[in-house]
1. Please sort C:49-56, B:457-464, B:170-177, C:248-255 by packing, taking for each peptide the average over its residues of neighbouring beta carbons within 10 angstrom, highest first.
2. Taking each residue in B:424-433, count the Cβ atoms of any other chain within 10 Å of its Cβ, then average. What number comes out?
3. Per DSSP H run of n ≥ 4, the term is -39500 (n - 2.57); total these for chain A, divide by its residue number, and report the mean residue ellipticity at 222 nm rounded to 500 deg cm²/dmol.
4. Could you line up B:166, A:330 from fewest to most neighbouring Cβ atoms inside 10 Å?
5. So what is the relative contact order for chain C, in percent, with contacts set as C-alpha pairs under 8 Å and at least six apart?
6. Rank the residues B:359, A:183 as a footprinting-exposure proxy: fewest other Cβ atoms within 10 Å of their Cβ go first.
7. For A:26, A:266, B:222, B:204, which order do you get if you count the other beta carbons within 10 Å of each Cβ and list the fewest first?
8. Where the convex hull is taken over the Cα atoms of the protein assembly as shown, what is its projected area averaged over directions, in nm²?
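Please treat every number below as a calculation from the coordinates, not as lab data. All values derive from a computational prediction rather than experimental measurement. Here Cβ is always computed from backbone atoms with ideal geometry, including for glycine, and neighbour counts include all displayed protein chains.
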């Protein structure tokens, strides 16, 4: 009974993501067609001659009306066809899929790092106002959002690679002396472990640590800030006063009552944090020459490989919509009031 | 006389004994002495009322007894002895054992005092698990029994409910169940009925009283409402700015109040037979009004005919959403269901009912802030309902109908000075573009409502509640309206301020010859100002007639329940209570 | 006004951090205005003394073309601030107008504005900015537009929410009774009360806008060499980090960080300053 209504709520959430997806598709379509000048020229790339431009025009249906073009675009998307990358000469989808695990591995580890630091920090700061940890939290929070992520990355490289020499050179996912682990999940660390190859695991992890910390540092600040703020707000609420007046133990008050309620605004912030993260991912990948989809997009931008850039934007947007969907579903499961609004 | 001051348990050891308590608060403006030299005792089986207006330190006292004062507050002296244990110096771990098990507390605003994302049953079980040795498998039964004890119907169903699924009154019952689940000896009730409807208020207070008697509880009732306290408490402690000014048995306090503040408070609390002039104790101008005086003409100034207002129940962003309550079904909700009423020129009519009865919707339509679904609003013979509310602000008729709002704080723009608030209608409606003339009129108005002229340059947050109410009234009468709607104008004010504001309103009506439509939930207050009263329930008028007649002889059962529920200073009730508690 | 100055003094003395941030802000503005005239070297002039570490002659050292890093960092202030300020101003105005209309009138206006903001927010914002610049063309103006577009939802949402909670407030109803038209209500009664949260949003967003613009030029969009700009200078210096020439990237990065830090601190101070409820 309760399960079925939860499922219905989750279904409702999935339906609510449809307008976002539609919006994303329309915006990316408009972005390609609103180009000043001839889109076919852009898509054919800078080195194209008149014949190949004409060929691209035909392929993209650019000689037809806009609604027809939109339908063709939808059809292409449905078939998973994002066009050809001019710089590599292969389908954009293939390129993105090949590089996606690298980006995902980096982003997930960064998220793990960020959450495992920011949540305890925010909670401790909120429960001990004006203590040293509260002050530390405030400094980290304000300084953290002020750090340009590419700048942090560079200086971590300078300190840990150039000066201390404990980090490997910031070039890619694994040192050139090692072979890539056999591909199972696409995550080098996990694949190496599955393969039982601890050396490779260590090598992959050591490459991963600095970029993940760089990315994590940037997202740590908004999360710690929100955790602290939400905990402070919840701790001064009437129902916490009730819980204290009922003599409930400190841990019950703090975790069962306060933290569960504070999770709601924190989850909301997490959506924003994902946005920051996917964006900064591009910068971090450039700094560490990380072979993910961000680096791919930057290379494509430089050579005006238009289909590749559009494919990248679309892929990132879909990924982000999916992440938000997960957050929404988590939210629905924590907050019983959500069902009423649906 | 001295005999009646004896409490029934005199001589026995009090369960709670407070002596010489001082509490300071550290604020930006320096140290505030929230409580000074407080002392009183509470015995088993009695209910002691701690009464005071806002800022008197009564809630701080309650939090302090439970040791849940927030970190800005600090006890700087005195003792709180609970069953021989000094609560102030007791370690936190000992206090945690006492809270919820031996001493419990219930709060105002029960809907936010419960954890919003935890079921009612779980919240009760949390307390049971903490303080009792009930086995896990019996836990649910014990929680349901606790709900049953506070007379919640279908406790098995309520066990799985979340607070947002319950009404305010029901949430307060759950709070009481939570507080009494572990059978404590002391219950502290901090304004337990504030924010609830009057009829719900009565059932909640009756419940607290019954349970207290059943379980021989010592109860401390903290309230701003002297009427409420007089009805339920054997002894009263009156507080003013952190100090106890008087402490005596309820009957003694009423028949022979010693302290001037107590006298003022008793005077200002409306009774069944009090007249407006009694509230402030000052002699009113000769020939002063009473509500009964017939200054009214036979011509209706306002005639409302068959007024209907429906709201969509779907997702709406309307600012009336709050009035719709929880109804989310698809059929439109009828807030006002075909009512007709008249207000004669110069007459003062009361519109009474509980929240959600449609009285505020009606007043908004009459004020032309809201369009009716059907019906006529005839003002001086002209149907104002034909003019859409959206454009009414720019019509000449706008001057004729003005309103005094419920919350004086919320109804003043925080970025406007008092002067600018009062001058705004003069500029927009009276067309007084000359600054000097406007200033002259503002000063005249301030004088009329008794607002010191030097306060005109202040912002709302620099004014007291009473001063803000005066600004609101001055603004409303600035363009000399013929009809003034009073939307619960005193419900956010302390009783002593309420007394002054009511008198001011009566004076102004006499002086300016306005008609009043007084919207309120409190029949006792309405009666003071209005000759005729209309009672609304669920969008309809259930009874209508002269105020004195309705109060003394209500025909409709709902009106009777409403009159019965409104707490007022009732000597008979206090007397009965005193007798009932007399030891055999 | 006197009360305002008194409150200003209170805020500054109560919270010295705000005072520091305020002075930093003032310095940034001055550098932005007069930077090109006070620097010791021409920021574009190369010299044979390439890759010199910081010295008395070149405080921040020289870059790979022998240009003075100090001069380049100072001169870049104007461009970086201009991009951020213009972008934020654009989104502030657009967000205020559309957000207020959506919050005040509700209904269709609200749904349309809500749909637009939701669609923008459906993208990771920096990625959307990349897409916009790539589509509109790789110029500085388009960096400004892209930054303005990705900032718009924040302003529209704050304005919408703040207007919406106030449109039914007692003081707004009272103003209606005083004969104010809807538009006047919105402009004179509601919007001034919405301004404080909007200003806090501005100062918090300004830092973010600077970061975004610098991020875009870091990956090679918008600003092109040899124009001095912090993001691109860090990008150029990045190559030399692994060989130990740290000053190329450090100083522009530090300037960027200080500017953002200054705006973020100012945001907190500003909230105290313009919230009249805190003025006692």
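1. B:170-177, C:248-255, B:457-464, C:49-56
2. So the per-residue partner count for this stretch is 3.
3. -24500 deg cm²/dmol
4. Ordered from fewest to most neighbouring Cβ atoms within 10 Å, B:166, A:330 come out as A:330, B:166.
5. Once divided by the residue count of chain C, the mean separation gives 23 percent.
6. Sorted ascending by nearby Cβ count, the order is A:183, B:359.
7. Result, fewest neighbours first: A:26, A:266, B:204, B:222.
8. 54.9 nm²
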